[in-house]
1. Of the conditions (1) surrounded by 18 or more Cβ atoms within 10 Å (Cβ to Cβ); (2) under 17 Å from Tyr45 (Cα atoms), Val88 satisfies every one except a single condition; which number is it?
2. Given the structure, is Ile24 surrounded by 12 or more Cβ atoms within 10 Å (Cβ to Cβ), modelled with pLDDT under 85 and part of a strand (DSSP E or B)?
3. Could you look through the range 43-66, keep only residues that are among the acidic types (Asp, Glu) and not in a loop (DSSP other than H, G, I, E, B), and pick out the one that is farthest from His117 (Cα to Cα)?
4. Give just the number: which of (1) loosely packed, with under 13 Cβ neighbours inside 10 Å; (2) more than 24 Å from Ala128 (Cβ to Cβ) does Gln71 not satisfy?
5. Can you tell me which condition Asp54 does not meet? The list is (1) at pLDDT 90 or above; (2) on the phi < 0 side of the Ramachandran plot, and all the others hold.
Amino acid sequence: MKRPLRAGDGRSAIRNRVWGRVRILTGSMQMADSRRQNREIINYYLQVMDADKDVLLGYLLDVSENGLLLQSHEPLLEPGHVYNLRLVLRRAVDGESELNVAARAVWSRKQPGSVFHHSGFEFQDPDARARRVIQALMEQFAITSEA
């Protein structure tokens with residue numbers, strides 16, 4: 001049974017719950033630990049588009065300097081494929097209204113007891129502008145323990 005989020009739980013409690021899910025999904029503690037990095041769970045429902053096909057892939061769940069977690073109704077068609085992603089920003093982030101970045105699909109799995117699929121992406125050599133926008137996303141839209 002999921003524990004409801006409470007004010008004051010803090011970022012570490014939320015991050016631990018996310019990493020618990022990642023460990024369950026990957027089935028490998030080693031893989032989860034080797035990919036451990038500062039991730040920010042985004043409290044803003046941002047669309048993630050396949051820029052080449054101009055189709056919605058899903059919605060951003062969390063982001064780090066090296067990649068992102070996407071939630072969608074369908075599994076990715078091509079894990080291992082490098083997608084040109086476009087994140088549609090509802091308000092300007094570091095002066096930009098969207099983020100365009102290449103990212104390799106690492107994994108995609110259906111969530112137990114849910115209609116959603118989660119997919120992990122690894123950024124492929126983001127330029128300086130993209131890195132600034134990613135950092136700003138992490139700072140501006142992250143769930144924090146502060147009210």
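1. For Val88, the failing item is (1).
2. No: the conditions fail for Ile24.
3. First, pick out the residues of the range 43-66 that are among the acidic types (Asp, Glu): 50, 52, 54, 62, 65.
From what is left, the residues that are not in a loop (DSSP other than H, G, I, E, B) are 50, 62.
Numbers: Asp50: 16, Asp62: 14 Å.
That would be Asp50.
4. Unmet condition: (1).
5. Looking at each condition in turn, Asp54 falls short on (2).
The values are calculated or read from the model by the stated rules, or taken from the named source; none is laboratory data. These numbers were taken from a predicted model, which means no experiment stands behind them. Neighbour counts run over all protein chains shown; Cβ positions are idealised from the backbone, glycine included.
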